[in-house]
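Working notes, beginning with the structure itself.
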C-alpha cells in the first residue's frame, strides 16, 4: 500500500512564507495563533492522519459499508478511529469557542483538512458533513436550537448531514417534494425521501442531525418555496440526551465507484419531527451558507488525493527498475534504471507536483481571505475578502477537483499495470477523486456560478478582487530580469483571461447560452491563470531564499515553477481559442441527431 | 508524588539521516525534529500515573538549543504540568546532561526521574545510568512495566533473553523501553493549553555545570553500502564459503 507523510515542509512554506500566516495572530480573535501553536497543531494532525486514518484507507475501501435491517456498519476500525479523532478535539477544529469549538483559523484548518483527505477521504466525509451542518445551524438556527444541537455537533458525539437531493431533484432544487407540516407546538412534521445522503446513517455517533430541505404547505413553486429544517435521528430528552427515535430511517445504501467506506444513504422521512432553521421559504439561502463552506472543502479533497497519489507515484518511480536512461545508464549495478529517469515519467510526476503545490497555495490564498472576511477589524477589508472568497469558491471547487482527478489518474499511469490492480491503492485514489467533481454542485454548475453569478456581481466588484492584485503584481515585477521566465508567461495568460472575460460578459448579455457554452473553459482559464500568479510568487520567494537552501527546497520550487510556466500554463492559449470560438458549434447539432 | 521527565529533541524517526559533507556530524538544517520516541513513552507513563492519581505533578525538562522549547510543549500537550528548559548551543553529552539533571533533581526533589532508555540520535544509553550514579539513587532501566506502591517501585526490565523484575526503593531513576506503553495523540484542546503552561528557562551556568564536551568526535560517516549477495548452488558450497571466505565456522 502507498504510504502517506503529511507534506508539512511545504504546508509551512505556503502558510508562513507565501501567505503571511505569521500575521494571523494580529487579527482580533486569533491572538493565540502564533507559529508556536500552529506548528504543533499541524504536527499532531499529521501524526493522527498518518498513524490512524491512513492505515484504514485501503481496508475501508475493500470492506465498504454494510447495510442490514436499517442499520449501517462502517468498516472495521472506523468507529475506533472516529472515537480517537473526536476525543482529540478535531471535530471542533474551526468551530466557535462559544459552543466548545477550538476556533482555529481557516488557513490552519484547511491544511488539516488536506491531510485528512489524503489519508482517508471516506473517513473525512463524516466530520466534513457535520461541519457543513454546524455552519448552517450556527448562522441561521434559533438560540434554542443552537444550544440544543451545536455543542454535540462540535464535540462530535453527534454528527450532521445535508439532505437536499431527492430522486427527481438533483441540481435543480426547485423540484424538492419533501413536505413539512406545521404543528401547534411550533415544530413540523416532515415526510419525503432523500437520496445520496452522505453519513445519513452509521455507527460512529450516538445521534445524527439531518438538515433537510422541504416545502411548507403554503410554499410558492420553485426555489423560492423551500425551507430548511433540522431533523434529529433521536429526539433529545429533557436532559438533552438522545431520547425517542424520530421518524427518519435509512432505506438503503448506494454501491458506488469510490469513497466506499462512506455510507451514502437513502433517507426516508415519515412524519419525522423537525424544526425550522432560518425563515420560511428562505431555505436556499441557509443551505448555501453550508454549501459554500463545503465547496471549498471539496476542492481541498481534490488536492488531498492528488498529494497522496503523487507521494505513491514518486516512491514507485524511484524503486521500479525498467529500461535504461536514454541519456546513458544511470545505475550500472542494477539490471535496469529506476523509471524516474524517463522523461515521460518525470513529465507525469511534475504535473502532479505542480498541481499539488499550486493548488495548496490557491486553497490557502482563499482560506486567508476567509479568515480576513470574518476577523479583520476593518469592515471594508472584511467585505473585500468576502468578495474574493465568493469569486474563488467555484474556481477552487472545480479546478482543484478536476486537477485532482487528473493527478490521481497520472498516479496510476506511473505505476503502469501495478497501478491498475488494487494492491497498491493507486486506483482507489482515482475512484475516490471522481465524486469530488460531481457533488456539492457539479463542476459544470461551478462554472455557471462563476460566469452567471460572480462575474457580473456588483458591476464586476468581485472580479476586481482578483484582477487588481494580479495586474499590480505583473506591473511591479514585469521588468525584473530574474523573474521574467515567470512573469512574462503569467502576463500573457492574464491578457487572455481579461479578453476572455470581456468576451464572455458581452456574449452573455446578448445571449446567456453563449456564456454558458464556454463557462467550463472560462473557469479553467481563470484557475490556471490564478495558479500562474501563485507560481510566479513562489518563484519569487524561491529566488529570495537561494542562498539559504540547505535542503534544496527552494531550488525544487523554482524548477517546478518553470515546469508550470513551460508545460501547464500554455493550456490557457488553447482555452482562449475555445472561448473565443463561442457556443455556435455546441448549439448547432440537432438534438435528435445525438 | 512528583515525577521529573527528561525529554530530548532529536531528528524525527521518519527522516532519512544524511551525514554532513565535512563529516563532522549529521545534517540538521531544515530537518524535521521531534521528541525522542523513548522519551515520549516516559512522558506518557508519567502522565498515566498522574491520571491514576499516583502522581501529583509531572515536570518535563529539556536541555539543548532554544528550539527544545517545542519539545517541551509536546510534553506539556501530552499532559505534563510545567517545563524547565536549559538552553545551551554546546554539544551536550550524557555526562554533562546527567550533571545538570542532578542539580535540577536536588532543586525539584522528585520521587522519580523518568528518561527514555536512550536517544535515537546518538544511541548513547548512558544518561539515566549516570544520573542514578551521581545521585546515589536506585535505577531501573529498559522498563516494560512499572508499578508503584509503598515508597517502592516494582520494575520489569527488558534484558537479553527475557524479562527481569526488580523491586527498588524510591527515589529512583527509571528509563523507558519501547513496550512500556503506546503514547497518546495529544488532543487539540491540550495543545492549546500547553501554550499557556509555564516553562522556566535556565542556562548551564545557572546550574553551576560546565557543559563543555569531554569526548571528541573524530569523524561521522555513512555506513558502507551493502553489497549484493550471491546465490550458492548447494549446501556444500555454502559451508565451504562460510569456512574459507567468511571464516565464521
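The values are calculated or read from the model by the stated rules, or taken from the named source; none is laboratory data. Keep in mind that what you see is a predicted model, and the values were worked out from it rather than measured. Virtual Cβ from ideal backbone geometry, glycine too; neighbours counted across all protein chains shown.
A single entry from B:241, B:197, B:219 fulfils the requirement of being under 30 Å from residue A:49 (Cβ atoms) and either touching a strand residue (DSSP E or B) at 6+ places or on another chain (Cβ under 7 Å) or more than 14 Å from chain A (Cβ to nearest Cβ) (or both): B:197.
Of everything listed in (1) more than 11 Å from every other protein chain (Cβ to nearest Cβ); (2) modelled with pLDDT of 95 or more; (3) crowded, with 22+ Cβ neighbours inside 10 Å, the single unmet condition for residue A:45 is (1).
Filtering region A:205-212 for residues that are under 23 Å from the mean Cα position of the chain (by Cα), under 30 Å from residue A:6 (Cα atoms) and buried (at least 20 other Cβ atoms within 10 Å of the Cβ) leaves an empty set. The set of residues in region A:48-68 being away from chain B (no Cβ under 13 Å), more than 12 Å from residue A:261 (Cα to Cα), in a helix (DSSP H, G or I) and out of contact with any helix residue (DSSP H, G or I) (no Cβ under 7 Å at 6 or more places or on another chain) consists of A:55 alone. For residue A:107, the conditions (1) out of contact with any helix residue (DSSP H, G or I) (no Cβ under 9 Å at 6 or more places or on another chain); (2) in a helix (DSSP H, G or I) are fulfilled apart from (1).
Only residues that are surrounded by fewer than 20 Cβ atoms within 10 Å (Cβ to Cβ), free of Cβ contacts under 8 Å to residues at least 40 places away in the same chain and touching a helix residue (DSSP H, G or I) at 6+ places or on another chain (Cβ under 6 Å) were counted across region B:98-134, and they come to 3.
Scan region B:18-28 and tell me whether some residue there is in contact (Cβ under 8 Å) with a residue 24 or more places away in the chain and in contact with a helix residue (DSSP H, G or I) (Cβ under 9 Å, 6 or more places away or on another chain). No: zero hits. Looking across B:90, B:60, B:75, one residue alone is in contact with a helix residue (DSSP H, G or I) (Cβ under 8 Å, 6 or more places away or on another chain) and in a loop (DSSP other than H, G, I, E, B). It is B:90.
Taking the stated definitions as given, is residue B:82 surrounded by fewer than 18 Cβ atoms within 10 Å (Cβ to Cβ), touching a helix residue (DSSP H, G or I) at 6+ places or on another chain (Cβ under 8 Å) and either at the interface with chain A (Cβ under 10 Å from one of its Cβ atoms) or at pLDDT 95 or above (or both)? Yes: the conditions hold for residue B:82. Summed over region A:143-169, residues that are without any contact (Cβ under 8 Å) to a residue 12 or more places away in the chain and farther than 19 Å from residue A:208 by Cβ total 4.
Got at least one residue in region B:187-200 being assigned to a strand (DSSP E or B) and within 30 Å of residue B:82 (Cα to Cα)? There is at least one residue in region B:187-200 that is assigned to a strand (DSSP E or B) and within 30 Å of residue B:82 (Cα to Cα).
Residues of region A:82-104 that are within 11 Å of chain B (Cβ to nearest Cβ), at pLDDT 95 or above, buried (at least 22 other Cβ atoms within 10 Å of the Cβ) and not in a loop (DSSP other than H, G, I, E, B): A:85, A:90, A:91. Say whether the condition of being buried (at least 18 other Cβ atoms within 10 Å of the Cβ), in contact (Cβ under 8 Å) with a residue 12 or more places away in the chain and within 14 Å of another protein chain (Cβ to nearest Cβ) is met by at least one residue in region B:169-184. Checking region B:169-184: at least one residue is buried (at least 18 other Cβ atoms within 10 Å of the Cβ), in contact (Cβ under 8 Å) with a residue 12 or more places away in the chain and within 14 Å of another protein chain (Cβ to nearest Cβ).
For region A:1-42, what are the residues that are free of Cβ contacts under 8 Å to residues at least 40 places away in the same chain, within 14 Å of chain B (Cβ to nearest Cβ) and within 20 Å of residue A:373 (Cα to Cα)?
Of the residues in region A:1-42, the ones free of Cβ contacts under 8 Å to residues at least 40 places away in the same chain are A:8, A:12, A:16, A:22-23, A:25-26, A:31-32, A:34-37, A:39-40.
Imposing the further condition that a residue be within 14 Å of chain B (Cβ to nearest Cβ) reduces the set to A:8, A:12, A:16, A:25, A:31-32, A:34-37, A:39-40.
If the condition is that a residue be free of Cβ contacts under 8 Å to residues at least 40 places away in the same chain, within 14 Å of chain B (Cβ to nearest Cβ) and within 20 Å of residue A:373 (Cα to Cα), then A:16, A:25, A:31, A:32, A:34 are the ones that fit.
Looking across region B:149-167, the residues that are surrounded by fewer than 19 Cβ atoms within 10 Å (Cβ to Cβ) and assigned to a strand (DSSP E or B) come down to B:149, B:152, B:154, B:158, B:159, B:162, B:163, B:164, B:165, B:166, B:167. Has region A:69-78 got any residue that is part of a helix (DSSP H, G or I), within 13 Å of chain B (Cβ to nearest Cβ) and crowded, with 22+ Cβ neighbours inside 10 Å? The answer is no, given that none of the residues of region A:69-78 is part of a helix (DSSP H, G or I), within 13 Å of chain B (Cβ to nearest Cβ) and crowded, with 22+ Cβ neighbours inside 10 Å.
Could you say whether any residue in region B:47-58 is within 17 Å of residue B:186 (Cβ to Cβ), within 19 Å of the chain's Cα centre (by Cα) and within 14 Å of chain A (Cβ to nearest Cβ)? Full working, then the answer.
Within region B:47-58, the first condition is being within 17 Å of residue B:186 (Cβ to Cβ), and the residues that meet it are B:47-48, B:50-51, B:58.
Applying the additional criterion that residues be within 19 Å of the chain's Cα centre (by Cα) yields B:47-48, B:58.
Next, from what is left, pick out any that are within 14 Å of chain A (Cβ to nearest Cβ): none.
No.
Close contacts from region B:65-77, counting a first residue that is more than 8 Å from chain A (Cβ to nearest Cβ) and a second that is part of a helix (DSSP H, G or I) and modelled with pLDDT of 95 or more, with Cβ to Cβ under 7 Å and a gap of 6+ residues or different chains, come to B:75/B:43; B:76/B:194.
Condition check ((1) part of a helix (DSSP H, G or I); (2) in contact (Cβ under 8 Å) with a residue 24 or more places away in the chain; (3) closer than 22 Å to residue A:402 by Cβ) across all residues:
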residue: A:485; (1), (2), (3): yes, yes, no
residue: A:489; (1), (2), (3): yes, yes, yes
residue: A:494; (1), (2), (3): yes, yes, yes
residue: A:515; (1), (2), (3): yes, yes, yes
residue: A:522; (1), (2), (3): yes, yes, yes
residue: A:527; (1), (2), (3): yes, yes, yes
residue: A:530; (1), (2), (3): yes, yes, yes
residue: A:538; (1), (2), (3): yes, yes, yes
residue: A:542; (1), (2), (3): yes, no, no
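Residues checked against (1) in a strand (DSSP E or B); (2) loosely packed, with under 15 Cβ neighbours inside 10 Å; (3) away from chain A (no Cβ under 13 Å):
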position: B:5; (1), (2), (3): yes, no, yes
position: B:16; (1), (2), (3): no, yes, no
position: B:24; (1), (2), (3): no, yes, yes
position: B:31; (1), (2), (3): no, no, no
position: B:34; (1), (2), (3): yes, no, no
position: B:40; (1), (2), (3): no, no, no
position: B:44; (1), (2), (3): no, no, yes
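All told, residue B:239 falls short of being closer than 30 Å to residue A:37 by Cα and part of a helix (DSSP H, G or I).
For the criterion of being at positive phi, modelled with pLDDT of 95 or more and in contact with a helix residue (DSSP H, G or I) (Cβ under 9 Å, 6 or more places away or on another chain), residue A:77 passes.
If I ask for residues that are loosely packed, with under 10 Cβ neighbours inside 10 Å and modelled with pLDDT of 90 or more, which ones from region B:223-244 would you list? Before you say what the answer is, go through the steps one by one.
Taking region B:223-244 as the starting set, the residues that turn out to be loosely packed, with under 10 Cβ neighbours inside 10 Å are B:223-231, B:233-236, B:244.
If the condition is that a residue be loosely packed, with under 10 Cβ neighbours inside 10 Å and modelled with pLDDT of 90 or more, then B:233, B:234, B:235, B:236, B:244 are the ones that fit.
Taken over region A:237-267, the criterion of being within 17 Å of residue A:161 (Cβ to Cβ) and assigned to a strand (DSSP E or B) is satisfied by A:242, A:245, A:248, A:249, A:250, A:251, A:252, A:253, A:264, A:265, A:266, A:267. Tell me yes or no: at least one residue of region A:553-567 is within 14 Å of chain B (Cβ to nearest Cβ), touching a residue at least 40 places away in the same chain (Cβ under 8 Å) and in contact with a helix residue (DSSP H, G or I) (Cβ under 9 Å, 6 or more places away or on another chain). Yes, region A:553-567 contains a residue that is within 14 Å of chain B (Cβ to nearest Cβ), touching a residue at least 40 places away in the same chain (Cβ under 8 Å) and in contact with a helix residue (DSSP H, G or I) (Cβ under 9 Å, 6 or more places away or on another chain). With respect to the stated conditions, residue B:188 is touching a helix residue (DSSP H, G or I) at 6+ places or on another chain (Cβ under 8 Å), farther than 19 Å from residue B:61 by Cα and surrounded by 11 or more Cβ atoms within 10 Å (Cβ to Cβ).
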